[in-house]
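The values are calculated or read from the model by the stated rules, or taken from the named source; none is laboratory data. The structure presented is a predicted model; accordingly, all values stated were derived computationally and were not measured. Cβ placement follows ideal geometry from the backbone for every residue including glycine, while neighbour counts extend to all protein chains displayed.
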């Protein structure tokens, strides 16, 4: 049966996230296999494997985490996973009423024992204040960069006293890389459109022009930056414990107390630092 391009892209995104989005396997008696083998929730998904390792370390260090996904079905799988781990969580998606949202936000912000707040990106992007969290995991990205920016800003609110780290999970060689490239390109075009005019002096415009060749070169750089190392390195064994510990090391990430900063890129990660004067999210700091 023929599928539309939109459905094809959505199916590819589901494959990147978790195979159970196509249906959970059952045994001969018709019972879900995860009832007897809960470890399958993690072992069948590359993203869940890395997230499982990250969350265990974050939990042991006393952090509170926001996890955003485009798919409520994915939040269901994530909820099964957190229940198996015995972690306390909250959740907001499009089906949660306003009164219940506020109740869950108050509980999360006032109870440090609540480890994870799960949110759908569209439902959790506006009107949500979760300053108790100091970690954001964007499980899957949106085509619109502003949706992800609004989501990660939920913990950048009045009352936030700690530096915030945003982790974005991407599957190398997949449709997610294409989505990320388009996000970056949109942000760059937006910034060029804004800086192309001199808004400090009304009625005047900057005379500087960018050639088509320069524009193509600027945008093409993102393609090689995101995918290039995947073609040069063996990534079949997953991120090493050393590299994972590096990206979770807060003092080194923020160069606190004289700590040496971590390398800006590794086999499995890139670091983007957002200055205090930026208000456009993690992509706005890219040049």
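Test residue 140 against the stated conditions and say whether it is under 28 Å from residue 181 (Cβ atoms) and in contact with a strand residue (DSSP E or B) (Cβ under 7 Å, 6 or more places away or on another chain).
On the way: under 28 Å from residue 181 (Cβ atoms): yes; in contact with a strand residue (DSSP E or B) (Cβ under 7 Å, 6 or more places away or on another chain): yes.
Yes; evaluated as a whole, the condition is true for this residue.
Mind counting the residues in the stretch 137-160 that are within 10 Å of the chain's Cα centre (by Cα) and part of a loop (DSSP other than H, G, I, E, B)?
Summing the residues that are within 10 Å of the chain's Cα centre (by Cα) and part of a loop (DSSP other than H, G, I, E, B) in the stretch 137-160 gives 4.
If you go through the stretch 57-73 one residue at a time, do you hit one that is surrounded by 20 or more Cβ atoms within 10 Å (Cβ to Cβ), out of contact with any helix residue (DSSP H, G or I) (no Cβ under 9 Å at 6 or more places or on another chain), assigned to a helix (DSSP H, G or I) and in contact (Cβ under 8 Å) with a residue 60 or more places away in the chain?
The answer is yes, given that some residue of the stretch 57-73 is surrounded by 20 or more Cβ atoms within 10 Å (Cβ to Cβ), out of contact with any helix residue (DSSP H, G or I) (no Cβ under 9 Å at 6 or more places or on another chain), assigned to a helix (DSSP H, G or I) and in contact (Cβ under 8 Å) with a residue 60 or more places away in the chain.
Quick one: is residue 106 in the same structural domain as residue 35 (by TED's automatic domain parsing) and touching a strand residue (DSSP E or B) at 6+ places or on another chain (Cβ under 7 Å)?
Considered against the rule, which asks whether it is in the same structural domain as residue 35 (by TED's automatic domain parsing) and touching a strand residue (DSSP E or B) at 6+ places or on another chain (Cβ under 7 Å), residue 106 comes out as no.
Residue 130 versus (1) modelled with pLDDT of 90 or more; (2) closer than 30 Å to residue 34 by Cα; (3) in contact with a strand residue (DSSP E or B) (Cβ under 8 Å, 6 or more places away or on another chain); (4) part of a loop (DSSP other than H, G, I, E, B): which is the lone unmet condition?
Residue 130 satisfies all of (1) modelled with pLDDT of 90 or more; (2) closer than 30 Å to residue 34 by Cα; (3) in contact with a strand residue (DSSP E or B) (Cβ under 8 Å, 6 or more places away or on another chain); (4) part of a loop (DSSP other than H, G, I, E, B) except (2).
Here's the yes/no breakdown for (1) modelled with pLDDT under 95; (2) over 17 Å from residue 168 (Cβ atoms):
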| position | (1), (2) |
| --- | --- |
| 85 | no, yes |
| 89 | no, yes |
| 98 | yes, yes |
| 114 | no, yes |
| 126 | yes, yes |
| 143 | yes, no |
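For residue 49, indicate whether it is over 17 Å from residue 20 (Cβ atoms) and either surrounded by fewer than 18 Cβ atoms within 10 Å (Cβ to Cβ) or at pLDDT 95 or above (or both). I'd like the intermediate steps shown before the answer.
Values: over 17 Å from residue 20 (Cβ atoms): no; either surrounded by fewer than 18 Cβ atoms within 10 Å (Cβ to Cβ) or at pLDDT 95 or above (or both): yes.
Judged against the criteria, residue 49 is not a match.
Among the residues of the stretch 116-131 satisfying the criterion of being in contact (Cβ under 8 Å) with a residue 40 or more places away in the chain and surrounded by 21 or more Cβ atoms within 10 Å (Cβ to Cβ), which is farthest from the chain's Cα centre (by Cα)?
Result: 130.
If the Cβ limit is 9 Å and pairs must be 6+ apart or interchain, which residue in the stretch 92-109 that is surrounded by 13 or more Cβ atoms within 10 Å (Cβ to Cβ) pairs with which residue that is in a helix (DSSP H, G or I)?
92/100; 92/101; 92/104; 92/105; 93/72; 93/75; 96/104
Given the conditions (1) in contact with a helix residue (DSSP H, G or I) (Cβ under 9 Å, 6 or more places away or on another chain); (2) at pLDDT below 95; (3) crowded, with 19+ Cβ neighbours inside 10 Å, which single one is not true for residue 154?
(1)
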